[in-house]
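To keep things clear, I will list the structure first and then write my remarks on it.
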Amino acid sequence: MKMYLLLLFCFACAAFLTCCGSSSGIDPGEKGGKCFEDNTCFGDLRCIDNFCIDLGDMTDYPDVDPADSVPDETTNNENSDDDTAGNTDDNPDLIDECDIDVEVRSEKDIESIVNCRTLGELIIDETDLEEIILPHLEEVWDYFSILDNPKLKKISIPKLKDIDEIFFVGENPELEEMLLSKLNYVRGNIIIGKNDSLKTLSFPSLKKTGKGIYVEFNESLESIDAPLLESVWEFLFIYKNSSLKSFSFPLLESALELYIIRNSALEIFDMSSLIDVQHITIAYNPQLPTETAEDLVERVLENKHSLAYEICENKDSTVKCSDDYDWDWEDM
């Protein structure tokens, strides 16, 4: 009986909407309008049979339980990640496309874009921000820079998937945490440099870049992890990270050029799938066994007719380098 009355009420609403049509001016999420894509409505309205219903109108039907209209919490959270818990997209203020270029200078500027799923160019340079949290941002169409923010400790953009140009995170001396769990593709370069407090760098979903990856001058960085990375179109450059002990790109198959230089604590790396590269330089890594570098070169040569490479002045090496490969941050 309860379900019969519920369906009867829904059919009556549907008939009303059919008669009035879209010209009635009822927007999605409003009373009598269609539900949002995630089966939610504004305020206390409930989504029933894809229409937004005020359960207060159902007081004449005491057998109808309002809980029947509440979506199952398990279903709604089925695809949630640990780093996005509590950040659901049932916010009616979310904006699918913010077709704007944004220069952030303050917390107020961050608040102005917090509901955007897409942005044009995004510049967050020379601010006093301690956190950058953009829980709904999925795509940046242009250049994305987070540069020279002296108090910045945390970056959390858990749903960001694509960046159509350069992604630059540099000169943030207090930065300790960077959460980019969904980042899949960057059309330009990824540059992570001179973030002196950053200890770990992880790109758990990154598969490819349209240009290069540069990780350099990060004094406290101990590990780099990109378990799904398959290709780097241009340079893969790991340079002068003085605390770096290991990095892992186990699925990486191709890169135009590879440079692993002057990482004084580097002991091991995993690039066990790399077979397509045109140039390799592995130099001045005093804790990295020369055999590790030579094994990589040998594997690549098994799959290519020619390879330009230099393996020199690593652990137990007797080969002197042809260049000192000693550059400053300003030179890069």
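Taking the stretch 281-293 as the range and being surrounded by fewer than 23 Cβ atoms within 10 Å (Cβ to Cβ), farther than 10 Å from C312 by Cβ and not charged (D, E, K, R) as the test, the residues that pass are P286, Q287, P289, T292. Looking across the stretch 220-232, the residues that are part of a loop (DSSP other than H, G, I, E, B) and among the acidic types (D, E) come down to E222, E230. Here is the figure for the stretch 196-212: residues that are outside any loop (DSSP other than H, G, I, E, B) and open to solvent by 10 Å² or more (accessible area, probe 1.4 Å) total 3. Checking each residue in the stretch 148-176 for being surrounded by fewer than 18 Cβ atoms within 10 Å (Cβ to Cβ) and in a strand (DSSP E or B) picks out K154, D162.
For the stretch 294-332, taking the residues that are of a type in the set (K, R) and modelled with pLDDT of 95 or more, the one that is most open to solvent (accessible area, probe 1.4 Å) is identified as K320. Residues in the stretch 255-272 that are surrounded by fewer than 16 Cβ atoms within 10 Å (Cβ to Cβ) and among the small types (G, A, S) were compared, and the one that is nearest to I282 (Cα to Cα) is S264. The number of residues in the stretch 177-195 that are out of contact with any Gly (no Cβ under 8 Å at 6 or more places or on another chain) and surrounded by fewer than 17 Cβ atoms within 10 Å (Cβ to Cβ) comes to 2.
Going by the structure shown, is N91 open to solvent by 80 Å² or more (accessible area, probe 1.4 Å) and either within 26 Å of C52 (Cα to Cα) or modelled with pLDDT under 70 (or both)? No: the conditions fail for N91.
The values are calculated or read from the model by the stated rules, or taken from the named source; none is laboratory data. Everything numeric here is computed off the predicted structure, so don't read it as measured data. Virtual Cβ from ideal backbone geometry, glycine too; neighbours counted across all protein chains shown. For accessibility, only protein heavy atoms count, side chains too; no ligands or nucleic acids. Shrake-Rupley method; radii C 1.70, N 1.55, O 1.52, S 1.80 Å.
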